[in-house]
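Undergrad: My questions will all concern the structure given below.
Just so you know, all these numbers are worked out from the coordinates, no wet-lab data involved. Since we're looking at a predicted model, the values are computed, not measured. FYI the Cβ positions are ideal-geometry reconstructions off the backbone, even for glycines, and counts take in every protein chain you see.
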Amino acid sequence: MHDDLHTAFPDTTVPDLLDAIPHPLVVIDRELRVVAVNSRLEALTGLGQDEASGLYVEFVLRSSIGGRGRIFREVLASGQPRVIEGDILGRDRRRLAMQFTLAPLHGRGDEVAGLVITLDDLSTLAAGADQESGGADAIIGQRPKMQEVFDLIPLMARTEASVLITGETGTGKDKIAEAIHQRSSRATKPFIKINCGALPEPLLESELFGYVKGAFTGAVKDKPGMFRLAQGGTLFLTEIGDMPLPLQVKLLSVLDDQEFFPLGGEKKVQVDVRIIAATHRPLKERVAAGLFREDLFYRLNVLHLHLPPLRERESDTRFLVNHFLRTFAARTGDEARTFTPAALEIIMAYPFPGNIRELRNVVEYCVIICPQGEMGGEHLPRTLLARALQPSAIETEPAREVATAPTAE
C-alpha cells in the first residue's frame, strides 16, 4: 500500500498527508511519546512538530482523558479503537470540549505499534446536530434583526471578500465568524482565531506573522505564525479595534499582497487566507480619533454584519434560556431543568449588558446552585435580584413624597 501511495503521489510527504486530515491529530508510539502532529493540532495547542516530537503525549494533549496514560495503554493492549469525550487546554489556556478518537496503528505482523488520536470540537458537533447554522453553537434567534443576520451568512460564505462583524461584547461574533467559515469553500481548512487586544504589540506580531531562528533572544527555531497556520482557511481577528497602529500597516499590506516577511526573515511568505475581523468598538470613531487606519477600515469593511445586543431581541432570551438548559442537561445526562414563572420573569426583564455570554453564565450558575427541582428567584445571581428590586424601590419613593407633600394653595 505504501508503494501504491508513493507511486500515485510521489511528491507527497507524511506531513502533507496528516495536514490533509481536517481535524487536529497526533500520532504516538507504544511508549506514549509523540511521533507526529498535524498543523491543526499545532493551531490548537501551540506546539508544532519540532516542539512536540518525543514528548510524552499528556504534555502535548493537556486533556482530562489521559489518567496518566491509562486510557492510551488500554487501547494499545486491546487493539480496539475507542471514542471518549473530555476537554483540552488550548494554546490560549481555555478549556475546550472535545471528542477524542483513539485508533490503534498496526505495524508488521498485526502488532500495535502506536495510536492515532484525532480530536473533534464538541461544540461544532452539537451545533451540526441541532441546527443547520453552518457549524456554530448557540446561533439562535427569532427576531427580524437576527433573521437578517442568518440570511447574510450564506451570502458572505460564497465570497472571498473580507468581513467585518460588529456588536457588543458577548453577542456571539465568534460563532457567526465560524458559521461563515463552515459554509464556505474553505470549510475543510483551518479556522484560526486570535484576539488582537489580548497581547502586547511584539508578541502579537510574532503570533500573527511568525519568526525565524535568531530573530530575537529566545528564538531558537523557526515558528510559523497564525497566517501560515490558517493557510487555505480563515483567520479570525477578534477585537481588531485594539490592534496597535504599527501592526495595522503590516496587516493592510498582507491583505493587499497576500505575502509578508516573518519577524527577522529576509524571504517573503505567500499565504492564501480569508480574513474575518470583529470588534465591539466603534471603528469609525476610532478612525476619526486617529486610533485606527482609515484605509484598513475600508479594506476590512467590504462586507459588514452587525449583531444586535440581547436587550433588542427580547423574545430570543426565552429561546436561549431553553437552549442552555438543554445543553447543561446533556452534559450531565439529566432531564432539562426549568425556571419558575417568577424567576423567568426576572431573567426576561434583565438587560444583560454581557449579552449571550452573560445569559449562559446565569443559567449555568442557577443549575449549579439548585441541583434539583425547579429553579426559583432565590437561585438567581444577586445582580439580577438587585435589578428586579430596583424598579419597585424607585416607584415607591415618589409615592411617599406625594402622600406627605403639603397641598399647594
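Undergrad: Any of LYS175/LYS268; LYS213/LYS267; LYS189/LYS213; LYS173/LYS250 with alpha carbons more than 22 Å apart? Name them for me.
TA: Distance filter (> 22 Å) returns LYS175/LYS268; LYS189/LYS213; LYS173/LYS250.
Undergrad: Something else: So for the pair ALA330, ASP110, with labels modelled 7 Å out along Cα→Cβ, what separation do we get in nm?
TA: Label at ALA330, label at ASP110, 3.9 nm between them.
Undergrad: Rounded to the nearest 5, what % of DSSP beta bridges with both residues in the chain are antiparallel?
TA: Approximately 60 percent, going by the DSSP bridge assignments.
Undergrad: On to the next question. Below 14 angstrom from the Cβ of TYR365, what's the summed charge of the other residues (Lys, Arg +1; Asp, Glu -1)?
TA: Value of the local net charge: +1.
Undergrad: Based on the mean of other beta carbon atoms within 10 Å per residue, what is the order of 90-103, 227-240, 48-61, most packed first?
TA: 227-240, 48-61, 90-103
Undergrad: So what is the calculated 222 nm ellipticity per residue for the chain, using -39500 (n - 2.57) for each DSSP H run with n of 4 or more, over all residues, to the nearest 500 deg cm²/dmol?
TA: -12500 deg cm²/dmol
Undergrad: Moving on. Remind me, relative contact order of the chain in percent, using alpha carbon pairs under 8 angstrom and six or more residues apart?
TA: Relative contact order comes out at 12 percent.
Undergrad: Express in whole angstrom the spacing between the alpha-carbon centres of region 314-374 and region 213-254.
TA: Between the Cα centres of region 314-374 and region 213-254 lies a distance of 38 Å.
Undergrad: Please identify the helices of the chain, taking whole runs of DSSP H, that span at least 27 Å along their own axis as judged from the Cα atoms and have a mean Kyte-Doolittle score of -0.5 or higher. Mind showing how you got there, number by number?
TA: Values: long enough: 314-332 (28 Å, -0.33); 382-404 (33 Å, -0.20).
Passing helices, by number: 314-332, 382-404.
Undergrad: Additional query: Would you mind giving the average projected area, over all directions, of the Cα convex hull of the chain in nm² with one decimal?
TA: Mean projected area of the Cα convex hull: 28.4 nm².
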